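Report on the structure given below.
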Amino acid sequence: MTPSPRLLALAAVPLGLGALEFALRVSGSEASVLVPWWASLAMLLLLSLTDLLAAQRAHALDVQREVPGNLSQGRWQDVTLLVTSRDARPLLAEVFDAVPPSFAVRHQPRALDLPPAQAARLTYSVCPQVRGDFAFAAVQLRRRSRLGLWMLRPRIGGATSERVFPAVSWR
């Protein structure tokens, strides 16, 4: 997880107050903004930690990867991800399937707007460049925490193995 732009923008408040306090001290002024600085810092820490802890509760999701029976070398083929939610909360995320590095890919990442306790199909295309056995790793989501202060990247589902065969053309 990483801080979101929203959290970084909120961090500007205590940073600005700290810079103002420093400027007041350097100028010899009797004024002080230490109380608002401490209050804004405490509020930022409380909000960010609360949001982070709430975000640790993962969505109850299942993902199934549907790959054509035979992947053909050098041909574009569709792969479908069936994402099913068992959660009472909606999910807004970007979905990345971990395609083998030797595959060309189109239409990734895919946006996902999943209502509570629903399923969605996301389709993208792959073009295997070489033949052989390949592994698709777990699917990765990129989503915001509830307050939008953190960007989370959970992995769902497991790895699957697929075989790429030489393309055969009939004349």
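The values are calculated or read from the model by the stated rules, or taken from the named source; none is laboratory data. None of these values were measured; they are calculated from a predicted model. Methodologically, a virtual Cβ is constructed for each residue, glycine included, from the backbone with ideal geometry; neighbour enumeration extends over all protein chains shown. These accessible areas exclude ligands, DNA and RNA; they are computed on the full protein's heavy atoms, side chains included. Shrake-Rupley method; radii C 1.70, N 1.55, O 1.52, S 1.80 Å.
Grab the other residues whose beta carbon is less than 10 angstrom from that of residue 142, score K and R as +1, D and E as -1, and report the net. Its environment carries a net charge of +2. Among 47, 149, 82, the order of accessible area from largest down is 47, 82, 149, computed with a 1.4 Å probe on protein heavy atoms.
Per residue, how much accessible surface does the stretch 1-92 expose to a 1.4 Å probe? Answer in Å², no decimals.
Details: 5780 Å² over 92 residues.
Using a 1.4 Å probe on heavy atoms only, each residue of the stretch 1-92 averages 63 Å².
The residues 26, 67, 126, sorted by heavy-atom accessible surface at 1.4 Å with ligands and nucleic acids left out, run 26, 67, 126 from largest to smallest. Sorting 110, 6, 143, 89 by accessible area puts them as 6, 110, 89, 143; the probe is 1.4 Å, largest comes first, and only protein heavy atoms count. For the chain, the residue among 149, 29, 17 whose Cα projects farthest onto the positive side of the dipole built from Cβ charges is 149. Its Cα gyration tensor gives the stretch 75-146 an equivalent ellipsoid. The semi-axes, each the square root of 5 times an eigenvalue, are 27, 11, 10 Å from largest down.
Here the stretch 28-171 has 57 percent of its accessible surface on carbon and sulfur atoms, given a 1.4 Å probe and all protein chains in place.
Can you tell me the orientation of helix 34-55 relative to the chain, as the angle in degrees between its alpha-carbon axis and the longest Cα principal axis, to the nearest 10? That helix lies at roughly 20 degrees to the long axis. Just to be sure I understand, if you calculate Cα Rg over 2.2 N^0.38 Å for this structure, which of (i) 1.31; (ii) 1.15; (iii) 1.53 do you get? Only one listed value fits the structure, namely (iii). Assign one of three labels to the stretch 1-75, namely rounded, prolate or oblate, based on the Cα gyration tensor with a ≥ b ≥ c the square roots of its eigenvalues; rounded applies when a/c is under 1.5, prolate when it is not and a/b is larger than b/c, and oblate otherwise. Because a/c hits 1.5 or more and a/b fails to exceed b/c, the stretch 1-75 counts as oblate. Heavy-atom accessible surface of residue 78, to the nearest 10 Å², is about 90 Å², with a 1.4 Å probe and all protein chains retained.
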